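Right, one structure below, let's go through it.
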Amino acid sequence: RRVLLLGEGNFSFAAALCGAQGTQVVATCYESEEEAAGRGGAARSIRRLRDSGAEVVFSVDCTKLKEHFLPGKREFDRIYFNFPHCGRKAGVVKNRQLLARFFHSCAEVLAQEGQVHVALCNGQGGTPADQPRREWHNSWQIVAVAAGADFILSDVHPFKAETIHGYQCTGYRSQDKSFCVEGALNHIFTRSTAPPCFTPLSCKTQLGSQEVSFQVPQVLMDKINRGFLEVNSSHPVRTIKEKLSAGLSQAFPLQNISSCLPLLHQGHPDGVCPSNIFWITLSPGEAPGTEKMSQGLADADLCSHFGQDSDKNAQEGCPVPKQFYLRPSLLPHAQAIITKGAFSPGTLQVLSGPVFRKCRITPHSMPVFHEMLLVLAVSRGTESSWIQVLVENINTTMNSLHQGVSGVKPSISLQEATSFGAELNDFAAFERQLGEIQHFLCVGTDPEPSGCCVGVIRTAPDELKSPELVVVSASLNLDLLAMLLCGISDWRMLWMWDRRFLRQFPEGELRLFKSFSLYPPSYVHDVSFWVPDGEEFDEVAFHSLARRVSGEMVVSIQLRDSFQQPGTGRRSLCYRVTFQSCDRALGCREAAEMQLRFREEIQQQLGVTLR
């Protein structure tokens, strides 16, 4: 591999590295050869480098690297810059500017999967790894500066000068003097993935007996048809689904019926807030007629579940409304199968697939996740014991899964819906809109044993219209389970395109996730506006606009102030919006541009008046 060393003072670091097998060293410094050779020990190190076959180049400007190397020799696997400094008494601002130009220059000569190593004295970097940590404004803000050139901090570790044979630091205030490197840190940067390109995307799905296409909402463009549950996938959500299925098969005969479940429903969801639904407009000329819909898979059952009796409307001569939306749950599909009689009592029916729900922005609130729905018909009066068997089986499987994930021990608890005292997360709150819940399934993980709701259990006494049987269903959020088991702090990480994510999860294995984007910078902006008179402000729509405009770069929205003007009664709201990426570089300028677009969008789409 080709290694580029920049800003060498006496070339002692390069001399220590040049003996590494399989490494081609290119050592450079900013000074001329005559100036560099005058430093103590430099001439000896330069001779050693040349004798070993290394290339030594002088008068190299780290901010213009492309100019110093021929096109065929510009690609480096590693770039090292130890203790960069503008020289003499340059302050933090000038050194930030130096680093900014340096990182932009690196982008032109670094291999696609290469690394940039930057060693800084204790406190200079401005990250939590610095101990003690300087105030942000008094640091070099290296992660934010690197983000401007599309680099992310992937690792940071102590710079142990004493372990580098023959190394002597020099260059204190541009002099041939050493400086203190105790507590110094080596920061390792890698390229960020390219920002998503939101070109219009059309998707095809089965609706009744007809195949239709529709425009995918922008916020879902990078999440539709990702195939996380397909056979060749090594994604952790599939691993959890397969392990749960294998565990459940020990106690129940299983039937998987997840194939070809349509993405779209028609009608009006009964009991569900319209703001939580992704409404869809079909491509021109593709809206199916009433007669075609009646031929489809349990259309009447789907509609009745969501408060739409299509048969009754047809008899009364009323047209069936052509309103479509992405499925927010798999529950209607299970009910349709049960009603049609394609259901064997005692057999556990397993449905799985992505579902779509608009929600507020939090680290655990996701507009799309993979649902695993378990449906079982049992003898009336025995449902409580069967629910216990189901939960115990899931708990056993979860405990076996945690063995491969160091330090995380999950515990499933069953809590009565009527006595559930914890604050509902968005998943549980939405499930309540879909119908009555008997139990919540909560997972507690050390050191957070209090539990997060990852599933709900329902009983439907009249679903089969049988005096002997009762239907029990359990809905599980596979994405939340993956986050809790693998130590993933932000749901967005499950959907990242960076190949480094899936490399951490060999097929069939779960491991503790190690982030490859450390200490991502965050940018805080406030927005204040007047709400239209007489209207209730739709906060979910507000959050959804933030998702779309930022491409999921908003990590938090908090209401800071609510003010009602005396006399007029006009209401003003002020929100704090925090932009932060979990996997790719986000610079301050890009975040500011997102904030400006967000202000424009809320004014146009929500009818507010900006202040």
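The values are calculated or read from the model by the stated rules, or taken from the named source; none is laboratory data. Note that the coordinates shown come from a computational prediction; the quantities given were computed from them, not determined experimentally. No Cβ is skipped: glycine too gets one built from the backbone with ideal geometry, and neighbour counts run over all protein chains shown. Heads up: the accessible areas ignore ligands, DNA and RNA and are worked out on the full protein's heavy atoms, side chains in. Shrake-Rupley method; radii C 1.70, N 1.55, O 1.52, S 1.80 Å.
Please work out whether the stretch 523-610 counts as rounded, prolate or oblate from its C-alpha gyration tensor, where a ≥ b ≥ c are the square roots of the eigenvalues and a/c under 1.5 means rounded, while otherwise a/b larger than b/c means prolate and anything else oblate?
Since a/c reaches 1.5 and a/b is larger than b/c, the shape of the stretch 523-610 is classed as prolate.
How much length would be gained if the chain were fully extended between residue 16 and residue 609, taking 0.36 nm per residue of separation minus their Cα-Cα distance, in nm to one decimal?
Difference between extended and current length: 207.1 nm.
Using a Förster distance of 35 Å, how high is the FRET efficiency between residue 74 and residue 168, based on the Cβ-Cβ distance and rounded to 0.05?
On the way: r = 30 Å, r/R0 = 0.86.
The calculated FRET efficiency here is 0.70.
Could I get the Rg over Rh figure for the stretch 2-191? Both from C-alpha atoms, Rh via Kirkwood, rounded to two places.
Values: Rg = 15.6 Å, Rh = 16.7 Å.
Answer for the stretch 2-191: 0.93.
Which one, 216, 115, 263, is farthest towards the positive end of the dipole of the chain when Lys and Arg carry +1 and Asp and Glu -1 on their Cβ?
Most positive-ward Cα: 115.
Write out the GluC sites (Glu not before Pro) in the stretch 81-190 meeting two conditions: DSSP loop, and at most 12 other Cβ atoms within 10 Å of their Cβ.
Those that pass, being in a loop and sparsely packed, are 135, 182.
How far apart, in nanometres, would the label points at residue 215 and residue 93 be if each is projected 7 angstrom from Cα along the Cα-to-Cβ direction?
Between residue 215 and residue 93, the simple spin-label model gives 4.6 nm.
Set the bar at 23 Å for Cα to Cα. Now go through 94/160; 64/94; 204/358 and name every pair that lies beyond it.
Distance filter (> 23 Å) returns 94/160.
Between residue 522 and residue 161, what is 0.36 nm times their sequence separation minus the Cα-Cα distance? Round to one decimal in nm. All intermediate terms of the calculation are to be shown ahead of the outcome.
Working: separation 361, 0.36 × 361 = 129.96 nm, distance 3.20 nm.
Length gained, residue 522 through residue 161: 126.8 nm.
List the GluC sites (Glu not before Pro) within the stretch 197-285 that DSSP assigns to loop and that have no more than 12 neighbouring Cβ atoms inside 10 Å.
230
Work out, step by step, the length gained on full extension between residue 206 and residue 382: first 0.36 nm times the residue separation, then minus their alpha carbon distance; give nm to one decimal.
Numbers: separation 176, 0.36 × 176 = 63.36 nm, distance 3.75 nm.
59.6 nm is the gain from fully extending residue 206 to residue 382.
For the stretch 456-528 and the stretch 100-115, what is the separation of their C-alpha centers, rounded to whole Å?
35
Could you work out what % of the accessible surface of the chain is carbon and sulfur, using a 1.4 angstrom probe and leaving DNA, RNA and ligands out of the count?
Summing carbon and sulfur atoms, their accessible area is 48 percent of the total for the chain.
So what's the net charge close to residue 53: Lys and Arg +1, Asp and Glu -1, counting the other residues with Cβ under 13 Å from its Cβ?
Local net charge: +2.
Quick check for you: with a 1.4 Å probe and neighbouring chains kept, what is the accessible area per residue of the stretch 523-610, in Å²? Write out the running numbers ahead of the final one.
Working: 4190 Å² over 88 residues.
Roughly 48 Å² per residue, with all protein chains present.
Under the rule of -39500 (n - 2.57) per DSSP H run of 4 or more residues, summed and divided by the residues of the chain, what mean residue ellipticity at 222 nm is obtained, to the nearest 500 deg cm²/dmol?
For the chain, the value works out to -7500 deg cm²/dmol.
Where in the stretch 469-487 does the amide nitrogen come within less than 16 Å of the point 7 Å from the Cα of residue 400, taken along Cα to Cβ?
Of the residues in the stretch 469-487, none has backbone N under 16 Å from the label point off residue 400.
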